[in-house]
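See below for the structure under consideration.
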Amino acid sequence: MLSNKTKATVKKIPLLKVRAGPRDKEAWGNRLKEELKAMITYVNNNKENDNDWFFITPNADGTQWSGKCWVYHEMQKYEFQFNFEIPITYPVTPFEIVLPELDGKTVKMYRGGKICLSAHFKPLWSKNVPRFGVAHALALGLAPWLAAEVPNLVDAKLILPKTEQKSVET
């Protein structure tokens, strides 16, 4: 199911230990520290391997995250805003990653631009609670989804490269 490259990438992301969600006030602070440490490691590893593909930032309490991700396909850059909200039952329940500008453009997406991760990612997540976190979800959820869906969306002429998006907007 997972490529060797993906497995190697995920093995370099620290596993988390604290089993706490946003309603577990003090423990959530500890979980958030682990999440940020894992994210920093993942971002640094990506930059070292020339695989920088996203920017993300959480709000002050770590319950809402937003950012930008990009994919190169046929030497063109495709860029998307994404966001998610940490559910109250996290980490038992994974969050839903939303790509609002792709809403309705693919069948592998739920209403509101939520990407479909139920068949492949959610079973993996449930086996790894509380060890997986935000960085793992991006590496095992969003990255493979983009790799699979962007070429289809390009072929169907449903999305434009970043350079063409700017010229259409002006």
Selection count where residues are touching a strand residue (DSSP E or B) at 6+ places or on another chain (Cβ under 8 Å) and within 15 Å of Thr163 (Cβ to Cβ), scope the stretch 53-79: 6
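Each row is one residue, and each column tells you yes or no for (1) of a type outside the set (A, V, I, L, M, F, W, C); (2) under 26 Å from Lys12 (Cα atoms).
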{"site": "Asn59", "(1), (2)": "yes, yes"}
{"site": "Gln76", "(1), (2)": "yes, no"}
{"site": "Glu96", "(1), (2)": "yes, yes"}
{"site": "Lys114", "(1), (2)": "yes, no"}
{"site": "Lys122", "(1), (2)": "yes, yes"}
{"site": "Lys127", "(1), (2)": "yes, yes"}
{"site": "Phe132", "(1), (2)": "no, yes"}
{"site": "Leu142", "(1), (2)": "no, yes"}
Residue match in the stretch 10-26 (condition: over 29 Å from Asn152 (Cβ atoms), in a helix (DSSP H, G or I), at pLDDT 95 or above and open to solvent by less than 20 Å² (accessible area, probe 1.4 Å)): no
Pairs where the first residue, in the stretch 52-66, is more than 20 Å from Thr41 (Cβ to Cβ) and the second is among the acidic types (Asp, Glu), C-beta under 9 Å, 6+ apart: Thr63/Glu85; Gln64/Glu85
Any hit, the stretch 67-83, residues being modelled with pLDDT of 95 or more, open to solvent by 20 Å² or more (accessible area, probe 1.4 Å) and either under 14 Å from His136 (Cα atoms) or in a loop (DSSP other than H, G, I, E, B) (or both): no
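With the stretch 86-166 as the region, which helices (runs of 4 or more DSSP H) entirely inside it contain at least 1 residues that are under 19 Å from Glu34 (Cβ atoms), of a type outside the set (S, T, N, Q) and open to solvent by 70 Å² or more (accessible area, probe 1.4 Å)?
Per the criteria, 121-127.
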Residue that is nearest to the chain's Cα centre (by Cα), among those in the stretch 33-44 that are surrounded by 15 or more Cβ atoms within 10 Å (Cβ to Cβ) and more than 23 Å from Lys127 (Cβ to Cβ): Val43
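The values are calculated or read from the model by the stated rules, or taken from the named source; none is laboratory data. Owing to the predicted nature of the structure, the values given are computational and were not obtained by experimental measurement. In this analysis, Cβ positions are derived from the backbone assuming ideal geometry, glycine residues included, and neighbour counts consider all displayed protein chains. Protein only, heavy atoms only, side chains kept; ligands, DNA and RNA dropped before computing areas. Shrake-Rupley method; radii C 1.70, N 1.55, O 1.52, S 1.80 Å.
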